[in-house]
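Since every read-out is calculated from the coordinates, none of them should be taken as a lab result. None of the values given here were measured: they were computed from a predicted structure. We place every Cβ from the backbone using ideal geometry, glycine too, and count neighbours over all the protein chains shown.
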Amino acid sequence: MESRRPFIAGNWKMYKTLSEAVKTAEEMAELLRDIKDRDIMIAPPFTALAAVGEALRNSPVSLGAQNLYWESEGAYTGEISAAMLVSAGCRYVIIGHSERRQYFGETDEDVRRKIRAAVRENLRPVLCVGETESERDAKNTFSVLDKQVKNGLKDFVSDELKHLVLAYEPVWAIGTGKTASTEQVQEVHSRLRSLLGTLFGESFAAGLRILYGGSVKPENIGELMQMPDVDGALVGGASLKAAGFSKIVSY
Ligand code: 13P
């Protein structure tokens, strides 16, 4: 069982050229070099992975990717395999981000295959789930999340998922400046933890890290981390600058 060390992750999305990415990564490596009591990850765009990995060498910050394709190799123009990510230095991969679901038509079945591919290569999956505003308004939050989790993790056994990290990212809170309230976040995280307990056992659920994502900033990380079922954050916009991200990491 993995311990629930706080985990702060930055998702750079489609921002930063190679030189911009390396510069920010170098600043982060410097600012965060003495942090020992939490896990930290940044996920730059594919083009910067290897170079950012170099910049983070000997720092407490791990490298993650934002996506992958499930086949191990082949004629799949434009796609990137799990083994390629590992060879670029990645330890983590974000899977099922709502932007991939929304803009690129990613389904729960795709998500499941991607998690399978990550597990096969010992990449740690960060599975993202979240409801839209209209789903929340219609009181469908839990049924939507249940379906995303159950279908994304279908046919796995707990042993295969020992490095899984779950990220709850309500779509209405991403990039909007609207953070979910700490009560809303705690309510969902606790429901997710019980669901994972039903699926994979209590001890699995007790060790699972559940991150919150959606307009996390230095000003709100502290209160979010006080919630008993919040084990970290997946940060978008505020992870693009080294100083701000370091403040979040050292909440
Ligand atoms: P923001 O922090 O910019 O709202 O993005 C959250 C997110 O989507 C992280 O994956």
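Applying both filters, DSSP loop and at most 12 other Cβ atoms within 10 Å, to the trypsin sites (Lys or Arg not before Pro) of segment 3-102 gives Arg33, Lys36, Arg57.
Which of His189, His97, His163 comes first, and how do the rest follow, when ranked by fewest Cβ neighbours within 10 Å?
Values: His189 21, His97 28, His163 16.
Result, fewest neighbours first: His163, His189, His97.
Length gained on full extension, Tyr76 to Glu30, computed as 0.36 nm times the residue gap minus the Cα-Cα distance: 12.8 nm.
When the inverse distances between all different Cα atoms of the chain are averaged and flipped, the Kirkwood radius reads 18.0 angstrom.
Residue separation of Thr198 and Phe142 scaled by 0.36 nm, minus their Cα-Cα distance, works out to 18.7 nm of gained length.
In terms of distances greater than 23 angstrom between alpha carbons, the cross-link table entries Lys16/Lys114; Lys13/Lys36; Lys36/Lys247; Lys114/Lys247 yield Lys16/Lys114; Lys13/Lys36; Lys114/Lys247. By the count of other C-beta atoms within 10 Å, a proxy for reagent exposure, Tyr15, Tyr251, Tyr103 are ordered fewest to most as Tyr103, Tyr15, Tyr251.
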